[in-house]
Amino acid sequence: MGEERIEIVDDAAEHRYEVLVDRVGAGFLEYSVAGDVVTMPHTVVSPAFGGRGLAGRLVRRALDDAAAAGRTVVPSCSFVADWIAHHPGYERLVQP
């Protein structure tokens, strides 16, 4: 059995990042953009894919993209806020 292929894609039309495991949708992170501010209200990973760190990968990708675009973030999803609290390098992105 080979290693799983994990891919994260930004579905801008649906305002969400999706995580795919071997091309199967495993979860998503919703977002909205208003000017230079990205609000992240919801993150979900299917229980069948739990325990693999997929939600954290979604958050990291969304935050890295926000940083690259020069945007700040409103982490209204409790998972996103908690993830940022445990990864101090990302606190600089949080909207004051």
Discussion item. Considering only protein heavy atoms and a probe of 1.4 Å, how much of the accessible area of the chain is carbon and sulfur, as a whole percent?
Written reply: 52 percent
Practice prompt. Loop only per DSSP, at most 12 neighbouring Cβ atoms within 10 Å: give me the trypsin sites (Lys or Arg not before Pro) in the chain, ordered by residue number.
Written response: Arg5, Arg23
Worksheet item: With all protein chains present and a 1.4 Å probe, how do His86, His42 order by accessible area, largest first?
Response: His86, His42
Worksheet item: Picking from His87, Cys77, Ala62, whose Cα lies most toward the positive end of the charge dipole for the chain (charges on Cβ: Lys, Arg +1; Asp, Glu -1)?
Response: His87
Worksheet item: What order do Val33, Val73 take when sorted by accessible area (1.4 Å probe), most exposed first?
Response: Val33, Val73
Item to complete: Give the ranking of Glu3, Glu18, Glu30, Glu91 by solvent-accessible surface, highest area first, calculated with a 1.4 Å probe.
Response: Glu3, Glu91, Glu30, Glu18
Worksheet item: What relative contact order, as a whole-number percentage, does the chain give when Cα pairs under 8 Å and 6 or more residues apart are counted?
Response: 21 percent
Worksheet item: If you compute Kirkwood radius over Cα pairs in Å for the structure shown, which of (1) 15.9; (2) 20.9; (3) 13.5 do you land on?
Response: (3)
Fill in: Theoretical ellipticity at 222 nm over the chain - DSSP helices of four or more residues, -39500 (n - 2.57) apiece, nearest 500
-7500 deg cm²/dmol
Worksheet entry | Probe 1.4 Å, protein heavy atoms only - accessible area per residue of the chain in square angstrom | 59 Å²
Fill in: Centroid-to-centroid separation of segment 1-33 and segment 56-72 [C-alpha atoms, Å]
14 Å
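The values are calculated or read from the model by the stated rules, or taken from the named source; none is laboratory data. Keep in mind the model is a prediction, meaning the values are calculated, not measured. Neighbour counts are summed over all protein chains in view; Cβ atoms, including those assigned to glycine, are modelled from backbone coordinates with ideal geometry. Protein only, heavy atoms only, side chains kept; ligands, DNA and RNA dropped before computing areas. Shrake-Rupley method; radii C 1.70, N 1.55, O 1.52, S 1.80 Å.
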